[in-house]
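Peer 1: To start, I am sharing the structure in question, which I have written as structure tokens.
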Number of protein chains: 4
Amino acid sequence: MIRYSVILGNLGNTRDRFLSSGYKDQPPKEEMLRQAASIPGVSGVELVGTWDITRQNVDEMGSLLAKNGLACASVLPDHFSQKRWGRGAFTSKDPSVRAQALEETIIAAEIARKLGCKLVNLWPGQDGYDYPLQSDFIKERQWTIDAVAMAAKAFPDLRFSLEYKAKEPRTHSTWARAADTLFVAQATGLPNVGVTIDTGHSFVAGENIAEAAVFLAHFGEKLFHLHFNDNYRSWDDDMIVGSVHFAEYVELMFWLKEIGYEGWFSMDQYPYREDGKGALQGSVEFLQGIDAMLDETARGEIRGIIERGEAVESTAWFRKKLFRK
Amino acid sequence: MIRYSVILGNLGNTRDRFLSSGYKDQPPKEEMLRQAASIPGVSGVELVGTWDITRQNVDEMGSLLAKNGLACASVLPDHFSQKRWGRGAFTSKDPSVRAQALEETIIAAEIARKLGCKLVNLWPGQDGYDYPLQSDFIKERQWTIDAVAMAAKAFPDLRFSLEYKAKEPRTHSTWARAADTLFVAQATGLPNVGVTIDTGHSFVAGENIAEAAVFLAHFGEKLFHLHFNDNYRSWDDDMIVGSVHFAEYVELMFWLKEIGYEGWFSMDQYPYREDGKGALQGSVEFLQGIDAMLDETARGEIRGIIERGEAVESTAWFRKKLFRK
Amino acid sequence: MIRYSVILGNLGNTRDRFLSSGYKDQPPKEEMLRQAASIPGVSGVELVGTWDITRQNVDEMGSLLAKNGLACASVLPDHFSQKRWGRGAFTSKDPSVRAQALEETIIAAEIARKLGCKLVNLWPGQDGYDYPLQSDFIKERQWTIDAVAMAAKAFPDLRFSLEYKAKEPRTHSTWARAADTLFVAQATGLPNVGVTIDTGHSFVAGENIAEAAVFLAHFGEKLFHLHFNDNYRSWDDDMIVGSVHFAEYVELMFWLKEIGYEGWFSMDQYPYREDGKGALQGSVEFLQGIDAMLDETARGEIRGIIERGEAVESTAWFRKKLFRK
Amino acid sequence: MIRYSVILGNLGNTRDRFLSSGYKDQPPKEEMLRQAASIPGVSGVELVGTWDITRQNVDEMGSLLAKNGLACASVLPDHFSQKRWGRGAFTSKDPSVRAQALEETIIAAEIARKLGCKLVNLWPGQDGYDYPLQSDFIKERQWTIDAVAMAAKAFPDLRFSLEYKAKEPRTHSTWARAADTLFVAQATGLPNVGVTIDTGHSFVAGENIAEAAVFLAHFGEKLFHLHFNDNYRSWDDDMIVGSVHFAEYVELMFWLKEIGYEGWFSMDQYPYREDGKGALQGSVEFLQGIDAMLDETARGEIRGIIERGEAVESTAWFRKKLFRK
């Protein structure tokens, strides 16, 4: 039984560098939680530091979650939305900023504990570099390993999941692809550090999302979390799931079943100009549709198709599903 | 009623730079024609100079076509597979090679006439450049305009369709995108010069294939021909149609109906490791499936969806078609 | 003698979707103008509606420009930074928004006239679409042609230059590439409508920037304006010019001399985390360095290199310049 | 002191899928070796199975190498140029093909030993997949680990270096990026298995080449070998080094010195239409130019630049080198 969640902020205002006041209005948190809870199948939300959750509002948020029957799927510390992180959080050249980045992680972990949430999702978006001759690749990667290890050691009851992204807001992120982020997770030597795949980030990294999931799960036991959205492969467009791609989501969902993934299926979009709730609901419905399609019969067919590896056969299978004949 | 065709060579051997002897065996032409004719819905083939058709075998090929009940959808002069074209055909810096490129075009037109074929498809793959400071952009584009104009003027009963491709085998092609190729077509001042969209080339150019088709057809009355294949957007993988993309083919097929496109729907793939006939047939079936999906009701729905422009609604429409609910 | 300018806002605060309050502080306009004027070689600024210039402050801005010895290189109406443009300006499905987009263009033209500025640069960033089945390609392109024609007809003493960009903030822009934007310019039938190349936009569109410039200038007499910045080719990173690429800027500068381009060389960057003035000055210095390199001797050498088209020779020429031997 | 080598076949004929007979003529091996030896700075060659070296000609090739004063920098078993590998070598679904792939590796190792060569470079280009639902990601990656481990265990005196490439000839390669290939190398548990960076492959993978080198060398002690060529980032164009990029090669060469890389600097290009020797020599000269630029003073400057991380300063440093002021 798949557990679906949404990132709460997806229901709020959306901004970009050209329209920094935002494309929409910001609804109150209560309204956003009500909307999340009203999406059929959704039972959890992810909360982002600064934007959604702080030490100050954690009790209030806990009550609101309970009232709406929602679990906290993860807490994401804010390592990206404040001026102090502008030139890096864990990889800032300023040691006091690095200490603050760790502190934010600790705070997020405390919040997660209070909310009965088992996962801290780390997306240190400002960690990386923009220009040639700007990054000390050795020190900076090591700093991320050390900080994650410190936080994860302090909270052995929580899982820390590292979300990679090839670029944006930096032209090059420190955690850029599945395998290099697996390396960071393993370098901590801790069982409670793993990796988050954001399907859109994986597309932009040039990965096949199903292969990335299998790589982390089967070879490293490190697929801790999943963010879903769609794009045109060259940028993190954060669109409704299934709006561009179909076959690759089928392949991903098939393999998630094969490897026994039991984490959340969380929607992470940026519906700049769309109704937030409608966009998230559409994404969940798309995944539910594929989930229903992949019954035991279909999975058996797919296993045979993969074993034979003939594209004429695999594409025929897709057409059968698309056109019902 | 859609007329489907295939490029004959797609049924033959396939090679690349690493495996230049080829992934498969080369069947005899008779066999390839029989296979083409046996694909349900296919009524035409495109013939490539050197590879499929020459002045010498034109009568024989005409008989074989007749015998198999196939029309010649187009003739493609060879401007790419011989050493003499290696540094350009119409844009060669050597005037005698440029003359030969024109001569090949004339020969192809004569062959087309003999076969009762109305279309000469020009894909001068070697025209372009690889390195900075290698191309005289002014002269070279003008040479292509002049050559096309000369051929098209000499054969006013035929249509000459210019096929663009952003790159490969050159890192930059002279006819790279829809709009710049429309410019070349219009610069000839001739009504019988237009443009071919190859869906895979259009993806690689970063175009939306439906928009490119509308651009050429509605704004320039210049959409003369269509080649179908699929890819992962960054390279001309020449895969089975629909193996990667779905929504964008639906959008293309919808608009082809809106603009009243009446040309061929021709399969142009490179089934390196696949059964050629199976790969082509799968592509045709995919397009037939979409064609059937786009009945008058569906087209009416889509017109409304486009008028309102809400992605929540358009993606819901796709899910309805994918999952039948 | 090259005239360099900068977009004034490049000296101000920078924001993105994650850090919407901005990476830096916003200096007062007077300070930004002083900084622009202090960059050696810079004699003009481009002013953006809403951000820099409005009907209300035009006289004040005129005085400040005069005081700082700066010309107004262009006025850019704001078609992107307000909520009302969020779903398109010229291509909004709402006719009253389209009317407002035209009105903003007219206001920008009036402002330009008052400031003695000859160029209105149109970058309607919100014009385009995000999802399949969202755009009426026919109507929307036509709306942009009509609006531009109306404005340009009303101000025959000004030039209107259309700036294309393949994507962002929409996943697909209406004016996406050089040639399709040339088509729009020519469809107005007006001599005072042309095209702006932003070097970064051209890289992202997969164009060779020098070829795009020649295409517009030689074949259409429509290269009206130039914006300079650099990127890694897949996104509009808006970096310091020359930070990633070198050879292609040399090729561009060579051809700009060959075709006799006489417009502004304007810096358009987004120095998110950099000192704005330093970033712009670095870009100007890079172009000045290439300009000095391309003396009559060098240009003669390059003409020969292009005529012969040998990459071994052209790359040797670059090494001679890079390594002085 | 940098040791430069070239892949011998780069001096021979070049083919692609459109011009499978080749753009040039194939010189005799003796001639190619003479040419390699005559490039100033080059002291080694890499030999490719089937194309250059077989069990049959190993003694003859050894004599020719000695005669020309060339070392064998590496042997590359052929896992890509024969029909039997068309659907995979180490990852073929046919166990007998997998056995042959291992056998070819063993043969290459024996040849390397005979030639006094310390490195076997594995580029199993046909390993991967093309379509969704075609690959068993678990089995296939494991097969590559097992085969490499078997060969490397049998030849503990040799180093086996795994060369990754995101795609081509498959749309997805099994060894696609630096970090996932490091994972394979480490999974063998053997000290004599490492990774080859091909700079062009790294560009196409979206990596920063310097960061990839540091990642493998510093974090894994696994940077065994380097192949040099240039491209436009979206495809493996295999161009002359430095023809497109400059800053990133400087960054790479700087870091190779910092991490103490002592392997070969090997040229691996595809000079389709260029004089092979001229193309390779140009690449070596480009790297020699950067090597000379990076004297102790320059490296000290760069260390400070990286420590401060200011792009205004780093780009100024590049301009100083480019324009000598």
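Peer 1: Just for the Cα atoms in the range D:102-224, what are the lengths along the principal axes, largest first, rounded to whole Å?
Peer 2: Rounded to whole Å, the extents work out to 40, 32, 24 Å.
Peer 1: Moving to a separate point now. What do you get for the angle between helix B:178-187 and the principal long axis of chain B? Use alpha-carbon atoms, 0 to 90 degrees, nearest ten.
Peer 2: Taking the Cα atoms of chain B, the angle to B:178-187 is about 50 degrees.
Peer 1: Mind checking Rg over Rh on the range A:172-279, alpha carbons, Kirkwood formula for Rh?
Peer 2: 0.97
Peer 1: Hey, another quick one. How far is B:Lys153 from the same spot in each other copy, in nm, shortest first, if each label point sits 7 Å from Cα toward Cβ?
Peer 2: 3.5, 7.5, 8.2
Peer 1: Can you work out which chain B residue has the shortest Cβ-to-axis distance for the rotation that carries B onto C, and give it in Å?
Peer 2: B:Ala179, 2
Peer 1: Under unit Cβ charges (Lys, Arg +1; Asp, Glu -1), what dipole magnitude, rounded to 20 debye, does chain A have relative to its Cα centre?
Peer 2: 180
Peer 1: When DSSP assigns beta bridges and you keep just the ones with both residues in chain C, what percent turn out antiparallel, to the nearest 5?
Peer 2: Details: 3 of 32 bridges.
So the antiparallel bridges amount to about 10 percent of the total.
Peer 1: Top mean-square fluctuation among A:Glu104, A:Glu251, A:Glu307, Gaussian network model of chain A, C-alpha springs under 10 Å?
Peer 2: A:Glu307
Peer 1: I'd like the Karplus ³J(HN,Hα) series for the range D:283-294: coefficients 6.51, -1.76, 1.60, θ = phi - 60°, whole numbers in Hz, and an x wherever there's a Gly or Pro.
Peer 2: Coupling constants for the range D:283-294: 5, 4, 4, 4, 5, 4, x, 5, 4, 5, 5, 8 Hz.
Peer 1: Could I ask something else about it? Which of B:Ala112, B:Ala179, B:Ala101 ends up with the largest GNM mean-square fluctuation for chain B, with Cα atoms connected below 10 Å?
Peer 2: B:Ala179
Peer 1: A further question on this structure: Compute, for the protein assembly as shown, the length of the dipole vector about the Cα centre, with Cβ point charges of +1 (Lys, Arg) and -1 (Asp, Glu) only. Units Debye, rounded to 20.
Peer 2: About 0 debye.
Peer 1: So what's the angle, to the nearest 10 degrees on a 0 to 90 scale, between helix D:247-258 and the longest Cα principal axis of chain D?
Peer 2: 80
Peer 1: Continuing with the same structure: Helix D:296-308 sits at what angle to the longest principal axis of chain D, using alpha carbons and giving 0 to 90 degrees rounded to 10?
Peer 2: 90
Peer 1: Calculate one ³J(HN,Hα) per residue across the range A:9-26 by plugging θ = phi - 60° into the Karplus curve 6.51 cos²θ - 1.76 cosθ + 1.60, and present them in order as whole Hz with x for glycine and proline.
Peer 2: x, 4, 8, x, 6, 10, 10, 8, 6, 8, 10, 6, 7, x, 7, 9, 9, 8
Peer 1: Right, next: If you average 1/r over every pair of different alpha-carbon atoms in the range D:6-134 and take one over that average, what Kirkwood value in Å do you get?
Peer 2: With all distinct Cα pairs of the range D:6-134 included, I get 15.7 Å.
Peer 1: Taking neighbour Cβ counts within 10 Å as the exposure measure, how do A:Arg3, D:Arg177 sort from fewest upward? Don't skip to the end; give the middle numbers.
Peer 2: Values: A:Arg3 15, D:Arg177 27.
Listing A:Arg3, D:Arg177 from fewest to most nearby Cβ atoms yields A:Arg3, D:Arg177.
Peer 1: So the label point sits 7 Å from Cα along the Cα-to-Cβ vector; using that for A:Arg113, what distances do you get to the other copies, in nanometres, sorted shortest first?
Peer 2: 5.9, 7.0, 8.8
Peer 1: Could you work out how far apart the two model spin labels at C:Gln26 and A:Ser43 are, taking each label as a point 7 Å from the Cα in the direction of the beta carbon, and quote it in nm?
Peer 2: It works out to 4.7 nm between the two label points.
Peer 1: List the lysines whose Cα sits under 25 Å from the Cα of D:Lys24, skipping any in the same chain fewer than 8 residues away.
Peer 2: Those lysines meeting the cut-off are B:Lys24, B:Lys83, B:Lys93, B:Lys165, B:Lys167, D:Lys83, D:Lys277.
Peer 1: Sticking with this structure for a sec: When the Kirkwood radius is taken over all Cα pairs of chain D, what Stokes-Einstein diffusion coefficient follows at 37 °C and 0.692 mPa s, in µm²/s? Display every interim value, and only then the final one.
Peer 2: On the way: Rh = 20.2 Å.
Reported coefficient: 163 µm²/s.
Peer 1: State, to one decimal in nm and shortest first, how far the label point of C:Lys320 sits from each corresponding label point in the other identical copies (label point: 7 angstrom along Cα-to-Cβ).
Peer 2: Going from nearest to farthest copy, the values are 2.7, 6.6, 6.8 nm.
Peer 1: Would you mind checking which residues have amide H under 5 Å from B:Asn121's amide H? H placed 1.01 Å from N; only 5 or more apart, or other chain.
Peer 2: Correct list: B:Val75, B:Leu76, B:Ser161.
Peer 1: Sort A:Val6, B:Val97, D:Val250, B:Val244 so the one with the fewest other Cβ atoms within 10 Å of its own Cβ comes first. List each step's numbers first, then the result.
Peer 2: Details: A:Val6 31, B:Val97 19, D:Val250 22, B:Val244 26.
Fewest to most other Cβ atoms nearby, the residues stand as B:Val97, D:Val250, B:Val244, A:Val6.
Peer 1: Rg/Rh for the range A:96-151 to two decimals, with Rh computed the Kirkwood way over all alpha-carbon pairs. Before the final figure, lay out the partial values.
Peer 2: Working: Rg = 13.3 Å, Rh = 12.7 Å.
With Rh from the inverse mean 1/r over Cα pairs, Rg/Rh is 1.05.
Peer 1: Right, here's the next one. Rounded if a/c is under 1.5, else prolate if a/b is larger than b/c, else oblate: which is the range A:247-313, with a ≥ b ≥ c the root eigenvalues of its Cα gyration tensor?
Peer 2: In terms of gyration-tensor shape, prolate.
Peer 1: Quick one: which residues, 5+ away or cross-chain, put their amide H under 5 Å from the amide H of D:Val193? H built at 1.01 Å from N.
Peer 2: D:Phe160
Peer 1: May I pose another question? What list do you get for B:Glu207, A:Glu262 if you sort them by fewest beta carbons within 10 Å? Walk me through the numbers before you get to the answer.
Peer 2: Numbers: B:Glu207 27, A:Glu262 10.
Neighbour counts put them in this order, fewest first: A:Glu262, B:Glu207.
Peer 1: Now a separate question. If I model the range A:114-180 as equal point scatterers sitting on the Cα atoms and use the Debye formula, what is log10 I(q)/I(0) at q = 0.23, 0.27 Å⁻¹?
Peer 2: Summing over Cα pairs of the range A:114-180 leads to -1.02, -1.23.
Peer 1: Spelling out what I want: for every residue of the range D:237-244, take phi, set θ = phi - 60°, compute 6.51 cos²θ - 1.76 cosθ + 1.60 (Karplus), and round to whole Hz; glycine and proline get x.
Peer 2: 5, 6, 8, 4, 4, x, 6, 10
Peer 1: Now, a different point. Okay, which of the range C:282-325 sit inside 15 Å, backbone N to the point 7 Å along the Cα-Cβ direction of B:Asp94?
Peer 2: Answer for the range C:282-325: C:308-310.
Peer 1: Reported to two decimal places, what Rg/Rh ratio describes the protein assembly as shown when computed on Cα atoms with Rh from the Kirkwood expression?
Peer 2: 0.94
Coordinate-derived values only; no laboratory data. The shown structure was predicted, so the numbers you read here are calculated from the model rather than taken from an experiment. All Cβ positions, glycine included, derive from the backbone under ideal geometry; neighbour counts span all protein chains shown.
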